[in-house]
Amino acid sequence: WRINSIETNVYNATDTPTPAMAKPVIYLYPEKVTDVTVKLDLNGKLGCTYPSYPKDGWQVTAYPDGKLIVNGEKYNYLFREGDLNTVFTFDKGFCVKGEDTAAFLKKALPEMGLIPSEYNDFIVYWLPKMEGNAYNLISFIGKEYTDNAKLEITPKPDSVLRVAMAYQPLEHPIKITPQTFEKFERNGFTVVEWGGAEID
């Protein structure tokens, strides 16, 4: 599979710039082979994309098993990077020992609705960056992300799941109110996205 990364600048409550968001990828699962248009509406600046993003959006032939064909080439997902203008704080989340990161993600990501092929890609990308830390403060971003990185997909999907993680390495544990997740059901044409960011 191809490794790509997205760069989305996230700002905390003090407006201090933080590292870029990494590897948001988009999976498409129609009920039958379908021609799909995916357009990006970012509050910010679009950077590198793979496959290349035309001004009128990605024109994709999507298969029920997740295979994507763009300009005759096969892809597992769509990738972009870009700078977002947004604000984020750790209001709720989890404090996890670095050595427990894999077990935490393997439990949390399915609870949010990711299937093994998706959450294993997520873990393989993020685990090397996180397991060596003493602790990780982890929170999953909601409207601060989705309101500033909008997707316009035609035909309109029946189910959409967008998982965006922010984490901060810590030397010592802290207390934080745990997040809860709404149950996600894959009904009809389903779109799934995941990405993440390390916050200094």
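A few points about this structure:
- Wholly within region 46-141, strands (runs of 3 or more DSSP E) carrying at least 1 residues that are in contact with a strand residue (DSSP E or B) (Cβ under 9 Å, 6 or more places away or on another chain) and of a type in the set (A, V, I, L, M, F, W, C): 58-62, 68-70, 78-84, 94-97, 135-141
- When the residues of region 87-118 are filtered to those that are touching a helix residue (DSSP H, G or I) at 6+ places or on another chain (Cβ under 6 Å) and buried (at least 20 other Cβ atoms within 10 Å of the Cβ), the one that is modelled with the lowest pLDDT is Phe88.
- Any chance Tyr167 is within 19 Å of Lys92 (Cα to Cα), modelled with pLDDT of 90 or more and in contact with a strand residue (DSSP E or B) (Cβ under 7 Å, 6 or more places away or on another chain): yes
- Being open to solvent by 70 Å² or more (accessible area, probe 1.4 Å), of a type outside the set (Ser, Thr, Tyr) and under 16 Å from Lys150 (Cβ atoms) holds for only one residue in Asp35, Asp41, Asp83, and it is Asp41.
To keep it simple, each residue is scored yes or no on (1) of a type in the set (Ser, Thr, Tyr); (2) under 24 Å from Lys107 (Cα atoms); (3) in a loop (DSSP other than H, G, I, E, B).
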{"site": "Glu152", "(1), (2), (3)": "no, no, no"}
{"site": "Lys156", "(1), (2), (3)": "no, no, yes"}
{"site": "Val160", "(1), (2), (3)": "no, yes, no"}
{"site": "Pro169", "(1), (2), (3)": "no, yes, no"}
{"site": "Thr177", "(1), (2), (3)": "yes, yes, yes"}
{"site": "Phe181", "(1), (2), (3)": "no, yes, yes"}
{"site": "Gly188", "(1), (2), (3)": "no, no, yes"}
{"site": "Val191", "(1), (2), (3)": "no, yes, no"}
{"site": "Asp200", "(1), (2), (3)": "no, no, yes"}
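Residue-by-condition table, conditions (1) more than 27 Å from Lys67 (Cβ to Cβ); (2) surrounded by fewer than 20 Cβ atoms within 10 Å (Cβ to Cβ):
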position: Ala134; (1), (2): yes, yes
position: Leu137; (1), (2): yes, yes
position: Gly142; (1), (2): yes, yes
position: Leu170; (1), (2): yes, yes
position: Gln179; (1), (2): yes, yes
position: Glu185; (1), (2): no, yes
position: Val191; (1), (2): no, no
position: Gly195; (1), (2): no, no
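The values are calculated or read from the model by the stated rules, or taken from the named source; none is laboratory data. Small disclaimer: the values here were computed from a predicted structure and weren't measured. When we count neighbours, we look across all protein chains shown, and the Cβ atoms used for this are built from the backbone with ideal geometry, even at glycine. Remember, those area values only see protein heavy atoms, side chains included, never the ligands or the DNA or RNA. Shrake-Rupley method; radii C 1.70, N 1.55, O 1.52, S 1.80 Å.
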